[in-house]
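Can you read through this structure? Questions will come right after.
The values are calculated or read from the model by the stated rules, or taken from the named source; none is laboratory data. These numbers come from a predicted model, not from an experiment. FYI the Cβ positions are ideal-geometry reconstructions off the backbone, even for glycines, and counts take in every protein chain you see.
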Amino acid sequence: MSSEIVESSEIERPVTAPGSKPLRSQKEENYAQQRAFGYRQREAARRAGLNDYTGIFAKYERKPRVQRRITFLRGIDYTNEFFVEKRRQIEERLEVVAFGSLFEHIKVVDGRPVIDYDGLAQSDLGVTVSDLKIDKDSGRVVGIGRDNALGAIQQLRDMRGLKAPDHVKLSVAVETLSDEDLMKVINQPAQPLAAPNFDSED
């Protein structure tokens, strides 16, 4: 009988899942949350307020407690809070593509446009760069491509319900008349119009 009580208490005892508790280091916790949202390591570090050019993300990725936290947070992404946050971040990312301008990091030198690649890479517009063409001999960037702004606007419009309807359906109520009722309407004598009143002071 005592063994049954022990077994029952063991079943009812709450089990703490690995990674369920927030990390003591706020920096590590912020990084884990950004990674759980699906951001790559460098971008997650940047969004967590870290200097992503120090390689701090590689250090965090090697820590088992950070990995456990990331795994746990990714496992609860079906909750309403995570869904809302993911949607917000997707919209934020699309807004950068839709309305951001690379001209913020371009200056004219001797009549020629020059891109400040360091400033661009460290700004929020850095993620919009989708293609870099590098000269194989000099190693210099000779071309740059960015995500499609109009495509991002289209996605934002769809997500926010701003897309104009393709078709407008109108429903008109029609009373069904029998042949006999229809003939009554046709044969009904016309009502005389009232005579105009010319004495009005209008």
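When only residues in region 65-121 that are under 19 Å from GLU43 (Cβ atoms) and not in a helix (DSSP H, G or I) count, which is modelled with the highest pLDDT?
Applying the filter and picking the extreme gives GLY100.
Right, here's the next one. Taking region 70-94, which residues are of a type in the set (Asp, Glu), farther than 20 Å from SER20 by Cβ and surrounded by 14 or more Cβ atoms within 10 Å (Cβ to Cβ)?
Answer for region 70-94, where residues must be of a type in the set (Asp, Glu), farther than 20 Å from SER20 by Cβ and surrounded by 14 or more Cβ atoms within 10 Å (Cβ to Cβ): just GLU91.
Shifting gears a bit: Which one is surrounded by the most Cβ atoms within 10 Å (Cβ to Cβ) among residues in region 134-169 that are farther than 24 Å from ARG87 by Cα and touching a residue at least 12 places away in the same chain (Cβ under 8 Å)?
Top of the filtered list is ILE144.
Filter region 1-38 for residues that are of a type in the set (Val, Ile, Thr) and at pLDDT 50 or above; which is nearest to ALA58 (Cα to Cα)?
Filtering region 1-38 for residues that are of a type in the set (Val, Ile, Thr) and at pLDDT 50 or above, the one nearest to ALA58 (Cα to Cα) comes out as THR16.
I need the full set of residues from region 45-64 which are of a type in the set (D, E, K, R) and assigned to a helix (DSSP H, G or I), in order please.
Of region 45-64, the ones of a type in the set (D, E, K, R) are 46-47, 52, 59, 61-63.
Those that are of a type in the set (D, E, K, R) and assigned to a helix (DSSP H, G or I): ARG46, ARG47, LYS59, GLU61.
Within region 48-69, can one find any residue that is crowded, with 16+ Cβ neighbours inside 10 Å and under 16 Å from the mean Cα position of the chain (by Cα)?
Among the residues of region 48-69, not one is crowded, with 16+ Cβ neighbours inside 10 Å and under 16 Å from the mean Cα position of the chain (by Cα), which makes the answer no.
What is the residue count in region 72-100 for residues that are closer than 27 Å to ARG146 by Cα and touching a residue at least 24 places away in the same chain (Cβ under 8 Å)?
Result for region 72-100: 14.
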